[in-house]
Each structure stands twice: as structure tokens, then as C-alpha cells.
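Participant: Next up is a structure, given as C-alpha cells.
The values are calculated or read from the model by the stated rules, or taken from the named source; none is laboratory data. Only a predicted model underlies this, so the values are computations on that prediction, with no experimental measurement involved. Please note: Cβ atoms are built from the backbone with ideal geometry, for glycine as well, and neighbour counts cover all protein chains shown.
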Amino acid sequence: MQVFIALTYFRPHYSGLTIYADRLARALANRGHEVTVLTSQYDHTLPLHENWDGVQVIRMPVKMRVSKGVIMPEMPSRAWRLANQADVVNLHLPQLDAAPISVMSRLLHKPVVLTYHCDLRLPNGLIHYLANQVSHLANHISATAAGAIVTNTRDYAEHSAFLHRYIDKVHTILPPVEIYPVTHSEMEAFRQKYQIVPGQKIIGMAARLATEKGVEYLVQAMPSILERYPQARVLFVGQYKDVFGERAYALKLEPLIESLGDHWQFLGILANGEFTAFMKASDVLVLPSQNSTESFGMVQVEAMTCGTPVVATDLPGVRQPVRMTGMGEIVPVADSEALSRAIIEVLDNPERYRRDAQRIIQQFSPDVVAEEYERLFGLL
């Protein structure tokens, strides 16, 4: 089967959406399908054509940017040719180009499957407002043209302002999760590199430094946690410098984080092995997200497969990994006191949250997810 996947950003861009699409594309290719990804050349140093672990990646030059979106004049003509050659078209939303590609695909009588990652909420401002409205329109056009819409959980679909309007088309498929193995020596090297001492409690967070991630609530929770565990530290993995549209947020948080001194450390984006070591070294992973731009939080499952429990906010979709596994606690949104109590509870009673990691790994395996997509493709 020839599978045509289109999305605005693809690897090496780092986000939950791009990680998901990368894992799905590679898993489909490993199952014998011809997979082509059409995306943006968001960084002009990236090659226009590339073979990415068996996946053909085609990047379109970017003419201009509008908020987080990009304008690619060559996209429609290339998309038409690729859709015409494909057996199925998979579009990842939110994406401005999804609307014309979905309409083209319908004209070519090609089945369209949308993978809906999250609702889009851009910062305040006229440009962002207009971009939001255009994105919403593109999503609705795409959903109308699509034969099926995939999302991570029914919980999120039923609470999404967008998805509940197309609930009859919604199919739930768990997201693909994979963790690279690490050796004992690699774990020790990670602990030495970041000066993790025996008995020290490590609170992990893996995200962009962005408003919707609720980082300030973990910052505000730390004084209470430090009263109980004076040596505790937060290790923050992910982009924390020059996050698009988040400069004011970073400046607001900067003095608060600096006041924590050595109890907060930014590690940046880690390579695969180091990321696994980070998850295994953490005593708890925290996901204090605030709104529907977070639909699941794959990092929760990545932590759980490493044996690390989670504290997550009570958001549709986001609460599901803890509910499914029992490996953590769920707290109200934007409540630093509840967050600190839950983190302390997990740190006090780690054995209460231990579960069978192999079962979780199998449930979220990219190969299992790709098989679910194959089954869906066959229905259209």
C-alpha cells in the first residue's frame, strides 16, 4: 500500500505531533508499505528530499510564516501528484494545508484519514486570532472531506470543541510510544553528568517551556516539596529557549525558577538514550498542562514504560494514561497545592504505583498502532 502522509512539521522538528507522525510512518514502512511524508522545509538547511529510516520525506520551501503556520506555494501541486499515486492519504491536524489536500484527495477518489492531535490555541493578538480562524476553517473542511478521524481517546473527542461535531467519524487509536534501551553504565554516566546523588528525589518534566504546559504550577509547588524532601530537584527536558510565541512567559518564569537555585535544571532536548536515562532516573514525571492543546501526553507512557509514575492534570485525554494503568495521580488543573501533595504522595509511596511495564510497552507499540491504522485504511 502506498501511504501519503502530510503535516506542517516533521522530524527533526521536536514536538509530540512530529514524534507521533515519525513513529507511525516508520512503523508503516517496517510493515512493508511505501510511505511518503510531505512537509515543510522549516529550516533552510534541511534537505528537500531525504530517506528517513525507510520513509521518503519531501520538504517544500517556505515562502513566509503566519504565526506557527507556514506558506508553501509549491505544496498544492506536489500534494496533487502524491495523492494521485497513493492508496490512502493521512493528514495530521492542526495543519493549514490539510484543507486543500483533503479536497484534492476526494476529487481523486482517495480515502482520507485525519489524525487529530489537539485543539489549536494561539497567543493573543490580531495575527494569531486570524491564524486561529483560518486554522479552524481548514480543520472543518478537512473533517468534512475525510472518511475517518483518528484521535487518542474517546474522552478527548467528546470534550473537544472541534471533534464532538464529527463524533460519528471518530476512531480512537492509542498513540505510538517507544523507548530506547539503556545499559547500566549509560545510566550511571547520566547520573554523573547531571550530578544525581543517591537518595535524591528527581522530579522530571518533559515539555516545551510554553504557557499551556503549566510550568509555573510545578515551580509554585516546589517549596512544599522541598520541605518534605530538601534535596529534591526538577530536571526539565525539552526546548526552553526561544520557544515561538513564549518569550513573555519565559521572562515571567525566569526569576521564579532562578529562586529555586540548584533545585531546578534545564537539560534541553536529549538524544534517545539520554532521554530514556532521564525517565528512569526520575522518581516521578509531572504533566501540569492547562488546556486542550494537550490531548494525551505521550511522555506519560514513556515514563510508565520505564517504571516511573506520573502526576498529571485532570484534562480530557491527559488523565487517561493514569486511569488506564494506575501508575500515578490526577490533580485539578492550575492547582499548585494539589500538585505538590500528589508529588509528595508518589515520592512517599513509590511501590503503590508499580505496574507491568512490558504490558504497557506492548499496548502502545508503534507496530500495534500501525496495525490499527491498517485496519482503518481497509474500512474506507
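Participant: Return yes or no: is residue 96 modelled with pLDDT of 95 or more and in the same structural domain as residue 142 (by TED's automatic domain parsing)?
Facilitator: Judged against the criteria, residue 96 is not a match.
Participant: Considering only region 291-380, give the helices (runs of 4 or more DSSP H) lying wholly within it that have at least 2 residues that are crowded, with 16+ Cβ neighbours inside 10 Å and in contact with a His (Cβ under 9 Å, 6 or more places away or on another chain).
Facilitator: Details: elements: 298-305, 320-325, 336-348, 357-363, 366-379.
Correct list: 366-379.
Participant: State whether the residues of region 302-309 include one that is of a type in the set (Val, Ile, Thr) and farther than 26 Å from residue 115 by Cα.
Facilitator: Yes, region 302-309 has at least one match.
Participant: Here is a follow-up. For region 145-169, name all the residues that are of a type in the set (Phe, Trp, Tyr), within 23 Å of residue 101 (Cβ to Cβ) and part of a helix (DSSP H, G or I).
Facilitator: 166
Participant: I've got another one for you. When the residues of region 84-119 are narrowed to those that are closer than 14 Å to residue 162 by Cβ and of a type in the set (Ser, Thr, Tyr), which ends up surrounded by the most Cβ atoms within 10 Å (Cβ to Cβ)?
Facilitator: 116
Participant: (1) farther than 30 Å from residue 251 by Cα; (2) in a loop (DSSP other than H, G, I, E, B); (3) modelled with pLDDT of 95 or more: which one isn't true of residue 199, the others all being true?
Facilitator: Condition not satisfied by residue 199: (3).
Participant: Given the criteria out of contact with any helix residue (DSSP H, G or I) (no Cβ under 9 Å at 6 or more places or on another chain), part of a helix (DSSP H, G or I) and at pLDDT below 95, does residue 137 qualify? Talk me through it step by step, then tell me what you get.
Facilitator: On the way: out of contact with any helix residue (DSSP H, G or I) (no Cβ under 9 Å at 6 or more places or on another chain): no; part of a helix (DSSP H, G or I): yes; at pLDDT below 95: yes.
When the stated conditions are applied, residue 137 does not pass them.
Participant: Can you pull out the residues in region 142-159 that are closer than 19 Å to residue 320 by Cα, of a type in the set (Gly, Ala, Ser) and over 17 Å from the mean Cα position of the chain (by Cα)?
Facilitator: none
Participant: Which of (1) surrounded by 12 or more Cβ atoms within 10 Å (Cβ to Cβ); (2) at pLDDT 95 or above; (3) within 28 Å of residue 360 (Cβ to Cβ) does residue 219 not meet, given it meets every other one?
Facilitator: Result: residue 219 fails condition (3) only.
Participant: Every residue in region 170-196 that is under 21 Å from the mean Cα position of the chain (by Cα), under 23 Å from residue 305 (Cα atoms) and not in a loop (DSSP other than H, G, I, E, B), please.
Facilitator: Restricting attention to region 170-196, the residues satisfying the condition of being under 21 Å from the mean Cα position of the chain (by Cα) are 170-181.
Cutting the leftovers down to under 23 Å from residue 305 (Cα atoms) gives us 172-181.
Selection gives 172 alone.
Participant: Report, by residue number, each residue of region 19-63 that is of a type in the set (D, E, K, R), within 19 Å of residue 97 (Cα to Cα) and not in a strand (DSSP E or B). Walk me through how you get there before you give the answer.
Facilitator: Within region 19-63, the first condition is being of a type in the set (D, E, K, R), and the residues that meet it are 22-23, 26, 31, 34, 43, 50, 53, 59, 63.
Then keep just the ones that are within 19 Å of residue 97 (Cα to Cα); that gives 22, 43, 59, 63.
22, 43, 63, listed by residue number.
Participant: Checking residue 91 against (1) part of a strand (DSSP E or B); (2) closer than 24 Å to residue 245 by Cα: exactly one of these is not met. Which one?
Facilitator: The one condition residue 91 does not meet is (2).
Participant: Mind checking which helices (runs of 4 or more DSSP H) fall wholly inside region 207-281 and carry at least 3 residues that are over 24 Å from residue 184 (Cβ atoms) and out of contact with any Lys or Arg (no Cβ under 6 Å at 6 or more places or on another chain)?
Facilitator: Qualifying helices (runs of 4 or more DSSP H): 215-228, 247-258.
Participant: A follow-up question, please. Scan region 82-101 for residues that are of a type in the set (S, T, N, Q) and free of Cβ contacts under 8 Å to residues at least 60 places away in the same chain and report the count.
Facilitator: 1
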